[in-house]
Amino acid sequence: MDHSTHIEEIARRYPAERRFSLAILQDIQREFNYIPAEALPIVAARLDTPQAHLYALATFYKSLSLVPKGKHVVKLCDGTACHMRGAGNLLGSLSRQLRLDADGRTDDGQFSVELVNCLGSCALAPVMVVGEAYYGKVSLEQLPTLVDSYREGGENDE
Amino acid sequence: MISITVNGRVCACEEGEYLLDVAERNGMLIPHLCYHRGLLPIGACRVCIVEVIERGRSKVVASCVYPVRDGIEVHTASPRIREQRSVIIALLLSLAPGSTEIKRLALQLGADIPRLVKAPESDTCVLCGRCTAACEALGTGAIAKVGRGVTKKIAAPFDGMPPDCIGCGSCAHVCPTGTIAYEHTDESVSVWGREFELMRCTGCNAPLMTREQHDFLTRKGGESPELLCERCGKQGVARKLKTRERYLG
């Protein structure tokens, strides 16, 4: 199934009403790991809504991305507590280990790293989330092993 | 029917009406920027702030989006409001120093102009949202507020040319800072980096509307509108009335 038919299929899961814009975009994000540019006209036509409206949503919400996110999305907390306990050092170490580009992604599409404001687990600072898994009191020493377990073929790379 | 007091004057109004509308109807003008009579209220610029006293408590609200409640007491130009409003205007003016509309407001309200004005730049948008509201109401919603926070701006998808734009020019018409470039000649209109060919009045050959606008009206109205300018349209009706038998009672 090529992209367009797949997007079309996702859009058809919902009634053709504007209020389902966000739900459809979220499903597309989940499916492709990003919102492909070609999705906008397809969803817009299905919902009879302007493309600009969908684009505004896609740029407003952090959970939606117009460029492909990595297979593993690493969220590094930079809230006050985590910031004080060295989130900056963790980020530096991560970007060296993974050779992240300016947008926080790896070339192989395996990882993308983003700084987030607070994950609500300040007692565990510094906190890092990979996919759905939370890691608390992350230290620079354990970072390489943790990262390796998510690399291609690692134990956590399903 | 309920009643509120604006600047000491009792005004009758309906529940749910917006404060600014009620005040203006009763002859008390509240300065505003993003509010436009022809559009749904936006509430972005905060120029129309007023003081509302309800159950002994005073608060500052944006009157264009504040639904009135029975018995509230409103002050549109208290010292507190004057001060806050002039700061808001000064900040807006620092974003768009060239805007005649904001300059007029600043002069009228005695805002501190020179202190905050930055060097004029090409980007003079104050993100009031009039253009997107106008596009939504009259056009197709081709442009939107894109992004968030300090990077928010008015744009079309992927910063390109808006695919849904019909070249009606409503966005440029309502823009208070003249940020949106809109040019038209006898043959064409250009806006948002796109060029639109103009269709002409079948009566007098005057440029009338863009082809895309005509298509849009056709889609919206279910039938294709006559290509007549206002004058030729009126003349056509008058001619019909003249030649046909009229009902005389």
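What is the number of the single condition among (1) within 14 Å of chain B (Cβ to nearest Cβ); (2) of a type in the set (A, V, I, L, M); (3) within 10 Å of the chain's Cα centre (by Cα) that A:Leu54 does not meet?
(3)
Yes/no per residue for (1) farther than 19 Å from A:His53 by Cβ; (2) among the aliphatic types (A, V, I, L, M):
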site	(1), (2)
A:Ser4	yes, no
A:Glu9	yes, no
A:Tyr14	no, no
A:Arg19	no, no
A:Leu22	no, yes
A:Gln26	no, no
A:Gln29	no, no
A:Tyr34	no, no
A:Leu40	no, yes
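Please go through region A:17-52 and give me each residue that is among the small types (Gly, Ala, Ser) and either within 19 Å of A:Val67 (Cα to Cα) or buried (at least 20 other Cβ atoms within 10 Å of the Cβ) (or both), ordered by number.
Once the filter is applied, which keeps residues that are among the small types (Gly, Ala, Ser) and either within 19 Å of A:Val67 (Cα to Cα) or buried (at least 20 other Cβ atoms within 10 Å of the Cβ) (or both), region A:17-52 yields A:Ser21, A:Ala23, A:Ala37, A:Ala39, A:Ala44, A:Ala52.
Going residue by residue through region B:161-173, is there one that turns out to be in contact with a Gly (Cβ under 8 Å, 6 or more places away or on another chain), hydroxyl-bearing (Ser, Thr, Tyr) and more than 18 Å from A:Tyr55 (Cβ to Cβ)?
Yes, that holds for at least one residue.
Would you mind stating whether A:Ser21 is in a helix (DSSP H, G or I), within 14 Å of chain B (Cβ to nearest Cβ) and on the phi < 0 side of the Ramachandran plot?
Details: in a helix (DSSP H, G or I): yes; within 14 Å of chain B (Cβ to nearest Cβ): yes; on the phi < 0 side of the Ramachandran plot: yes.
When the stated conditions are applied, A:Ser21 passes them.
Within region B:181-191, count every residue that is in a loop (DSSP other than H, G, I, E, B) and within 17 Å of B:Asp215 (Cβ to Cβ).
Count: 0.
Condition check ((1) within 14 Å of chain A (Cβ to nearest Cβ); (2) crowded, with 20+ Cβ neighbours inside 10 Å; (3) acidic (Asp, Glu)) across all residues:
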site: B:Pro97; (1), (2), (3): no, no, no
site: B:Cys128; (1), (2), (3): no, yes, no
site: B:Thr132; (1), (2), (3): yes, yes, no
site: B:Leu138; (1), (2), (3): yes, no, no
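So, in region B:152-180, of the ones that are part of a helix (DSSP H, G or I) and at the interface with chain A (Cβ under 9 Å from one of its Cβ atoms), which residue ends up farthest from B:Lys220 (Cα to Cα)?
If we take residues in region B:152-180 being part of a helix (DSSP H, G or I) and at the interface with chain A (Cβ under 9 Å from one of its Cβ atoms), then B:Phe158 is farthest from B:Lys220 (Cα to Cα).
Going by the conditions given, is B:Ala111 within 30 Å of B:Glu136 (Cβ to Cβ) and aliphatic (A, V, I, L, M)?
Judged against the criteria, B:Ala111 is not a match.
Where a number appears in this text, it was derived from the coordinates with a stated rule and is not lab data. As the structure is a computational prediction, the values presented were derived from the model and not from experiment. For neighbour counting, all protein chains shown are included, and Cβ atoms are generated from backbone atoms with ideal geometry for every residue, glycine included.
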